[in-house]
Each structure stands twice: as structure tokens, then as C-alpha cells.
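Chemist: First, the structure itself, so that you have it in front of you.
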Amino acid sequence: MEVILKKNVDNLGYANEMVTVKPGYGRNFLIPQGYAILATASAKKAHAEIMKQKSHKESKILAEAQELGAKIEATNVKIITKAGEKGKIFGSVNTVQLSEALKAEGIDIDRKSLKIKEEPIREIGSYEATANIHKDVKVTMTFEVVGE
């Protein structure tokens, strides 16, 4: 079954991409959740026209994504949290706190595009995360978790 993705789907594809999936996955998950539409002949024609118009804007979007990626790599992010005497954190640090820390530094990025490699984080230290900004731009950044 062919579908046209409306949103980025992990391990499947990016928005406005036409992919082939198993019928049950398409009918029962992708289409009802609003992640995809069925790739009928008219939908394929409309998709081709949208992609033709979008190709002009794509180079500008890619340049902005690369600029944002360079800005993220250059930023030194510190997440301040409550911690015990031996460096154990009360609770854990996840992508929500990382997104908020980046926002405080002036970088607005959605938490869903961030992936922390060693999640959940429950100790003070330095960690790595990847930011999937654009389908061609993935940035690896390091951040530090500091106790109050």
C-alpha cells in the first residue's frame, strides 16, 4: 500500500514523501493518526504539484537548517536540576528539559526532534543528544547536567 506522509515518522520517512507500507499499518495507524494519506491517482498528482512548488523553497529551508545546526553545535547548554550529595538527580532529565534549556539560549527547537542517547539521565555529568532539524541536517550536541 502506498501512502504520502504528512508528518515525519521515525524509521519510515519524512513529510511529503511517498512510501510503501503494509496495508494494516497504513489503514490502522498512519491514516487515522493523521500521519499519512492514501496515495490515490489524484493525491499523487496533487503531491507532484506540491513538490514542484516546494523545490524552489527547499534550498532556502536547507540553508536555514544548516545555520541552526551550526548554532546548536556552538552552544554550551547546561541543565540545572536538584541533585543529592552523590550526584544522583531527583527525577530525570529528558528532551523536555533539553528543549527548554535550548530555548533559554535563544534556539527554538521542538522536543520531538531531539533524541538523548543515554535516556533517562539520572546523574550529573556530560551527555550527548542528536537534533534532527531537517532530513539532510542531523546535529550531535553535548550538554551538561549540573546540580543546584
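Chemist: Taking the Cα atoms only, what angle lies between the long axis of helix 95-104 and the longest principal axis of the chain, rounded to 10 degrees?
Modeler: Result, in degrees: 80.
Chemist: While we're looking at this one, here's another question. For the stretch 14-71, would you read off the P(r) tail past 14 Å as a percentage of all alpha carbon pairs?
Modeler: Cα-Cα pairs in the stretch 14-71 separated by more than 14 Å: 66 percent.
Chemist: For Val146, which sequence-distant residues (separation of 5 or more, or a different chain) have an amide H within less than 5 Å of its own amide H, given hydrogens modelled in the peptide plane?
Modeler: Excluding prolines and chain starts, which carry no amide H, the hits are Ile79, Ile80, Thr81.
Chemist: What number in nm² do you get for the stretch 1-105 if you take the convex hull of its Cα atoms and divide its surface by four?
Modeler: Spelled out: convex hull of the Cα atoms, projected over all directions, averaged, 10.1 nm².
Chemist: Oh, and also: Given only helices, namely DSSP H runs of n ≥ 4 each adding -39500 (n - 2.57), what is the per-residue ellipticity at 222 nm of the chain, to the nearest 500 deg cm²/dmol?
Modeler: One gets -10500 deg cm²/dmol as the mean residue ellipticity at 222 nm.
Chemist: With 28 Å as the limit, write out which pairs from Lys60/Lys112; Lys78/Lys112; Lys52/Lys117; Lys6/Lys82 have Cα-Cα distances beyond it, or answer none.
Modeler: Flagged as over cut-off: Lys52/Lys117; Lys6/Lys82.
Chemist: Using Cβ counts within 10 Å as a stand-in for footprinting exposure, how do Ile4, Ile107, Ile61 rank, fewest first? Show your work: numbers first, answer last.
Modeler: On the way: Ile4 21, Ile107 16, Ile61 13.
Lowest to highest Cβ neighbour count: Ile61, Ile107, Ile4.
Chemist: Measure off 7 Å from each Cα along the Cα-to-Cβ vector at Glu144 and Arg27, then give the distance between these two points in nanometres to one decimal.
Modeler: Label-label distance for Glu144 and Arg27, simple model: 5.6 nm.
Chemist: While we're looking at this one, here's another question. Helix 41-74 versus the longest principal axis of the chain: what is the Cα-based angle in degrees, 0 to 90, to the nearest 10?
Modeler: The angle comes out at about 20 degrees.
Chemist: Each residue of the stretch 75-86 in turn: what ³J(HN,Hα) in whole Hz from Karplus with 6.51, -1.76, 1.60 and θ = phi - 60°, glycine and Pro shown as x?
Modeler: Each residue's phi maps through the Karplus curve to give 7, 9, 9, 10, 9, 9, 9, 6, 9, x, 5, 8 Hz.
Each reported figure results from applying straightforward, stated rules to the coordinates on display, with no laboratory input. Treat the numbers as computed from the prediction; the structure is a model and nothing was measured. In this analysis, Cβ positions are derived from the backbone assuming ideal geometry, glycine residues included, and neighbour counts consider all displayed protein chains.
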